[in-house]
């Protein structure tokens, strides 16, 4: 099976960028466990701190014919760059952390972003552009019939927008928000988005449980895509490790 992953830290494979490091199995995120469970090669990955257009560009650059494509719908106010170094700075700003690069201009750029968000950002334009990108992703099943699409909202705003525009049974939209699950974990140090110390912002137990949910969804995709379900896969937070 060929599974493509498109989005941000909630679907970031992480370890594929560090081939010399053997991860502790408990720290492998659900996305990596899913590829292992369904015997998929690594084709594409999310990137922590990236915005929705990064997921779209990753899809557009993908040359494989996929059996499954999984998208996250990330925070609506994030910025995008084509340049790896600059994207790392944008990502670090989004995740409230220090940039993981040696760039003499990083501090100046981080300060510039603080000023942009304080004085120049237009929240209405952010939401409008983000909503169009979510709609674009939700329309992909109509032109890619050979691929099973799964859409995962990260935020309650993303969930609301996706539910409003999802036209079932084209693809499956998971009715939940990753941030809500992260915030309800016993070990959550604070509300997302932050650099919380948890790979994929979840603990081992929830990574395993979410992987199991995705295996179930993929194996029974046609059932959840059926018109009776309107392409909606509902998750109950009570089925996860939450407080």
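Quick notes on this structure:
- The chain: mean projected area of Cα convex hull, nm²: 13.1 nm²
- Calculated P(r) tail over 13 Å for the stretch 1-58, as whole % of Cα pairs: 59 percent
- Based on Cα contacts under 8 Å between residues 6+ apart, the stretch 104-225 shows a relative contact order of 19 percent.
- In percent, rounded to a whole number, the relative contact order of the chain is 22, using alpha-carbon pairs under 8 Å and six or more apart.
- In this structure, residue 167 and residue 208 have a Cβ-Cβ separation that, at R0 = 45 Å, corresponds to a calculated FRET efficiency of about 0.90.
- Relative contact order %, the stretch 183-243, counting alpha carbon pairs below 8 Å whose residues are six or more apart: 42 percent
- Extension gain for residue 57 to residue 97 (0.36 nm times residue separation, less C-alpha to C-alpha distance): 12.0 nm.
- Taking 31, 122, 81, 92 and counting other C-beta atoms within 10 Å, the order from fewest to most: 122, 81, 92, 31
- An oblate overall shape is assigned to the stretch 41-168, the ratio a/c of its alpha-carbon gyration tensor axes (a ≥ b ≥ c) being 1.5 or greater and a/b not exceeding b/c.
- Hydrodynamic radius (Kirkwood) for the stretch 87-162, which is based on Cα pairs only, to one decimal in Å: 15.1 Å
- Binning all Cα-Cα separations of the stretch 151-243 at 5 Å, short to long from zero, yields these whole-percent fractions: 3, 14, 23, 22, 19, 12, 6, 2, 0.
- In the chain, the longest principal axis of the Cα atoms and the axis of helix 156-165 are about 50 degrees apart.
- Cβ-Cβ distance of residue 232 and residue 104, R₀ of 41 Å, FRET efficiency by 1/(1 + (r/R0)^6): the value works out to about 0.25.
- Distance between the C-alpha centres of the stretch 83-139 and the stretch 19-55: 22 Å, rounded to the whole angstrom.
- Length gained on full extension, residue 223 to residue 139: 28.3 nm, using 0.36 nm per residue less the C-alpha separation.
- Shape category assigned to the stretch 128-168 from the gyration tensor of Cα positions, a/c cut at 1.5: prolate
- FRET efficiency, residue 129 to residue 67 (Cβ-Cβ, R0 25 Å, nearest 0.05): 0.25
- For the chain, the longest principal axis of the C-alpha atoms and the axis of helix 84-94 are separated by about 90°.
- Helix-only arithmetic for the chain: the sum of -39500 (n - 2.57) across DSSP H runs with n ≥ 4, divided by the residue total, places the mean residue ellipticity at 222 nm at -11500 deg cm²/dmol.
- Shape analysis of the stretch 1-100 places it in the oblate category; the axes a ≥ b ≥ c from the Cα gyration tensor give an a/c of at least 1.5, with a/b not above b/c.
- Rounded to 10°, Cα long-axis angle of helix 204-219 versus longest principal axis of the chain: 40 degrees
- Ranked list, fewest to most other Cβ atoms within 10 Å of each Cβ, for 64, 208: 64, 208
- Fewest-first sequence of 93, 207, 165 by Cβ atoms within 10 Å of each Cβ: 165, 93, 207
Any read-out appearing in this document is the output of simple, stated calculations on the displayed coordinates, not a laboratory observation. Quick caveat, the model's predicted, so the values are computed rather than measured. We place every Cβ from the backbone using ideal geometry, glycine too, and count neighbours over all the protein chains shown.
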